[in-house]
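Chemist: Below are the structure tokens for one structure; questions will follow.
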Amino acid sequence: MEKTAQKPLLFLFPALGVISIGGLSFLQKVYIGADTTLASGYITPVLAGFISGCAVSASSYWHQRALGKEKDQNRAIKELNKKHEEFLQSLHEGILTVNKDGICIFANNTALEMFGYTPNDILGKNLFQLIDDTEQSLQRNFRTKNLFTLEDCLLSKKDGSDIVAAVKMHALQNGCVLLFNETSSHHLLQHKIDFLSSHDPLSGLLNKEAWRKRVEEAFSTKRPHVVHSALFIIDIDRFKIINDTVSYSAGDHFIKELAQYLLFRVGDSNNISRIAGDKFSYLLLEHSAEEAQSFGQQLLSELNSFETYWKDRQLKCSVSIGCCPLSSKLVSYDHALRGADAACKSAKEAGRSRMRVYDPDHADFKDLQNQMEMVELIQSALDNDLFFLRGQKIAPLSPHNPKLGMEILVSMKDKQGHVISPASFIPAAERFDLMVAIDRWVVANSLNWIEQQNNVSSGYDFVSINLSGKSFNQPDFLDFVCQQIRSHAITPNQLCFEITETAAMQSRQEALHFMQEIKTLGCRFALDDFGSGMSSFEYLRSFPVDFIKLDGSFVRNMETDALSAEIVASVQRIGETLRVKTIAEHAETEQTLRLLEQQGYDYVQGYIIDKPAALERTERIT
């Protein structure tokens, strides 16, 4: 429209030239009276005016044309710049352009969002003072004027928080372009993965494996300092009460709060760990044995006063602490942890809510140390399948019951093939919570033997398997036993589980529930070592047992001790009253056998009948 309007104006210039020059010539003739010819007075001036107008018109045309081209070029440049900016703004990478002095002259939206700035905050400002990290990685590389790429560069946002980004620089004549690709989410995810692999997710402290590496590293790199140090184990007393009486969520809350208090108290997250559900460990470096003991007593006092709340319920537990001062002879993770653990167990056995210091020369600790060494053999036997089964016959004393019974016993070998008696490893297994694993092995392998040796096992009225009290206290152990019974081709009524009287009395509800559930499958139960807790007679009627096995100590002494003989007779009468079978174990002489028969015992077990013999090892046929 503008160009069309300008074209008629170009034709006015010749006309104006004719009129202006011709008019001047006419006025000159009229007022001055000059005598001119037609050619010189009119034609020549008019022609000159026309030519001059044409020249002006031509000049104007070319000028307007040049201006038009310039405007078109400017318009095209603006359009290009607009599209270029739109493109830069649409990128998911942050783009910042700086001049040679580091002043920011362009920032796309991604960069602004990435660093939390507005255009007014960042444009015209020194970029490196706003976002560079404390090491000034960007500025140092910018000064080199070379292309560079930085991976996982830590940068600062406006609010003071940090982000991690990969940065690329492209040099310009008077500055550079910086491209930012934020990797914080990937970096944080990797950091989280790394954190979870080395930390306990509940407490946030180092987990057991990371703790081992940390302590071993301290032992290897700081040996002179470690010698004057101590390893602590902090065990929460009766933590199970919180889980059972309040809730497991409350228990988790207590662990979190106690962990945070411990971390606040010791101040170094690298030297404290949660090594078990209710157990923590702490390495106190560069302190003498006396200082470590003083520190431990102070910590004990503080932790025993610690309390927190869960939904208006007060949560409070005491702790027991074991301290193992390190010496030149005791600078390894396993030895230190074993010593601290022994001291902690000693504190619990002494009444809890106290601290014990490990002394390898003390008789109590020597016995405990021997058991802890036995634990290693037990664990090796579990890992390498070094347990084996033995059987001991249980003979009927009544002529009306000709079928034998049998008790399956567990034994163990070390890696050299030497047999270790149950009396040596069972106490250690019970003390260090390995009986559940042993019981699982015994149940599975006993049922395999009964199933595979059917021609032998079918000759027995019942086959007994011993269970520890800790096993039927485990929530998943009942499901394990039921699954094993259902998955084997055996007669459930032939299977009898033995539970000691002491274990049954200590966990009456759990024992009763376990018995009732197993009885629904058709199995039988025997109450073992009966008579060792005479006050439990009143509870006997509540247990659905099929046999009571008299404690062997009474049987061994019944020939010479009147009280033992009377207890033997009383247990038989109780069995008759409750209509359960009685078994006397540890019978070793013919005289004992005759006395038991006279008193009416149903079964007898002992060396006079049979000595335990290894059962043929079988593998499950699938």
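The values are calculated or read from the model by the stated rules, or taken from the named source; none is laboratory data. Since the structure is predicted, the reported quantities are computational estimates derived from the model, not experimental observations. Cβ sites come from the backbone with ideal geometry, for glycine too, and all protein chains shown count toward neighbours. Quick note on the areas: whole protein, heavy atoms, side chains included, nothing else; ligands and nucleic acids left out. Shrake-Rupley method; radii C 1.70, N 1.55, O 1.52, S 1.80 Å.
Chemist: From the list Glu510, Glu501, Glu517, exactly one residue is in contact with a Phe, Trp or Tyr (Cβ under 7 Å, 6 or more places away or on another chain) and open to solvent by 40 Å² or more (accessible area, probe 1.4 Å). Which is it? Walk me through it before giving the result.
Modeler: Details: Glu501 fails: open to solvent by 40 Å² or more (accessible area, probe 1.4 Å); Glu517 fails: in contact with a Phe, Trp or Tyr (Cβ under 7 Å, 6 or more places away or on another chain).
From the options Glu510, Glu501, Glu517, the qualifying one is Glu510.
Chemist: Pairs please, first residue from region 504-517 and assigned to a helix (DSSP H, G or I), second anywhere and surrounded by fewer than 15 Cβ atoms within 10 Å (Cβ to Cβ), Cβ atoms under 6 Å, 6+ apart in sequence or on different chains.
Modeler: As it stands, the answer is Met515/Pro544, since those pairs meet every condition given.
Chemist: Condition (residue is in a helix (DSSP H, G or I) and open to solvent by 60 Å² or more (accessible area, probe 1.4 Å)) applied to region 402-423: is it met by at least one residue?
Modeler: Step one: list which residues in region 402-423 are in a helix (DSSP H, G or I), which gives 422-423.
Narrowing further to those that are open to solvent by 60 Å² or more (accessible area, probe 1.4 Å): 423.
Yes, region 402-423 contains at least one residue that is in a helix (DSSP H, G or I) and open to solvent by 60 Å² or more (accessible area, probe 1.4 Å).
Chemist: Show me the strands (runs of 3 or more DSSP E) entirely contained within region 138-192 in which 1 or more residues are within 19 Å of Ala107 (Cβ to Cβ), open to solvent by less than 40 Å² (accessible area, probe 1.4 Å) and at pLDDT 85 or above. Let's see the steps before the verdict.
Modeler: Values: elements: 148-156, 162-172, 175-182.
In region 138-192, 162-172, 175-182 are the strands (runs of 3 or more DSSP E) which contain 1 or more residues that are within 19 Å of Ala107 (Cβ to Cβ), open to solvent by less than 40 Å² (accessible area, probe 1.4 Å) and at pLDDT 85 or above.
Chemist: Still on this model: Scan region 587-607 and give yes if some residue there is free of Cβ contacts under 8 Å to residues at least 60 places away in the same chain, in contact with a Ser or Thr (Cβ under 8 Å, 6 or more places away or on another chain) and open to solvent by 40 Å² or more (accessible area, probe 1.4 Å), otherwise no.
Modeler: No, region 587-607 has no match at all.
Chemist: Out of (1) open to solvent by less than 30 Å² (accessible area, probe 1.4 Å); (2) in contact (Cβ under 8 Å) with a residue 40 or more places away in the chain, the odd one out for Leu263 is which?
Modeler: Failed condition: (1).
Chemist: So, one more: Could you please find all residues in region 281-323 being β-branched (Val, Ile, Thr) and at pLDDT 95 or above?
Modeler: We begin by selecting, within region 281-323, every residue β-branched (Val, Ile, Thr); these are 308, 319, 321.
Across region 281-323, the qualifying residues are Val319, Ile321.
Chemist: Ok, one more. So which of Ala444, Ala428 is outside any strand (DSSP E or B) and crowded, with 19+ Cβ neighbours inside 10 Å? Can you show your working first?
Modeler: Working: Ala444 fails: crowded, with 19+ Cβ neighbours inside 10 Å.
The match here is Ala428.
Chemist: Quick check on my filter: what residues within region 266-284 are touching a residue at least 24 places away in the same chain (Cβ under 8 Å) and surrounded by 16 or more Cβ atoms within 10 Å (Cβ to Cβ)? Before the answer, list the steps.
Modeler: Step one: list which residues in region 266-284 are touching a residue at least 24 places away in the same chain (Cβ under 8 Å), which gives 269-284.
The answer is Asn271, Ile272, Ser273, Arg274, Ile275, Asp278, Lys279, Phe280, Ser281, Tyr282, Leu283, Leu284.
Chemist: Now, a different point. If a residue has to be in a helix (DSSP H, G or I) and crowded, with 16+ Cβ neighbours inside 10 Å to count, how many in region 447-478 make the cut?
Modeler: Matching residues across region 447-478 total 13.
Chemist: Additional query: Among what's in region 328-370 and is among the polar types (S, T, N, Q) and buried (at least 16 other Cβ atoms within 10 Å of the Cβ), pick the residue that is farthest from Gln298 (Cα to Cα).
Modeler: Of region 328-370, the ones among the polar types (S, T, N, Q) are 328, 332, 346, 353, 369-370.
Within this subset, residues satisfying the condition of being buried (at least 16 other Cβ atoms within 10 Å of the Cβ) are 346, 353, 369.
Details: Ser346: 19, Ser353: 13, Gln369: 27 Å.
It comes out as Gln369.
Chemist: For the structure I just gave you, tell me whether Phe306 is over 21 Å from Phe219 (Cα atoms) and free of Cβ contacts under 8 Å to residues at least 24 places away in the same chain. Steps first, answer last, please.
Modeler: Working: over 21 Å from Phe219 (Cα atoms): yes; free of Cβ contacts under 8 Å to residues at least 24 places away in the same chain: no.
In short, no.
Chemist: Within the set of pairs 6+ apart or on separate chains, which have a first residue in region 358-385 that is closer than 13 Å to Lys413 by Cβ, a second that is among the hydrophobic types (A, V, I, L, M, F, W, C) and buried (at least 17 other Cβ atoms within 10 Å of the Cβ), and C-beta atoms under 6 Å apart?
Modeler: Final answer for the pair search is Ile378/Phe425; Ile378/Ala429; Ile378/Leu434; Ala381/Phe387; Ala381/Met412.
Chemist: So, in region 298-326, exactly how many residues are surrounded by fewer than 15 Cβ atoms within 10 Å (Cβ to Cβ) and more than 29 Å from the chain's Cα centre (by Cα)?
Modeler: Here is the first cut: in region 298-326, the ones surrounded by fewer than 15 Cβ atoms within 10 Å (Cβ to Cβ) are 298, 301-302, 305, 307, 309, 311-314, 316.
Filter once more, keeping what is more than 29 Å from the chain's Cα centre (by Cα): 298, 301.
Residues flagged as surrounded by fewer than 15 Cβ atoms within 10 Å (Cβ to Cβ) and more than 29 Å from the chain's Cα centre (by Cα) within region 298-326 amount to 2.
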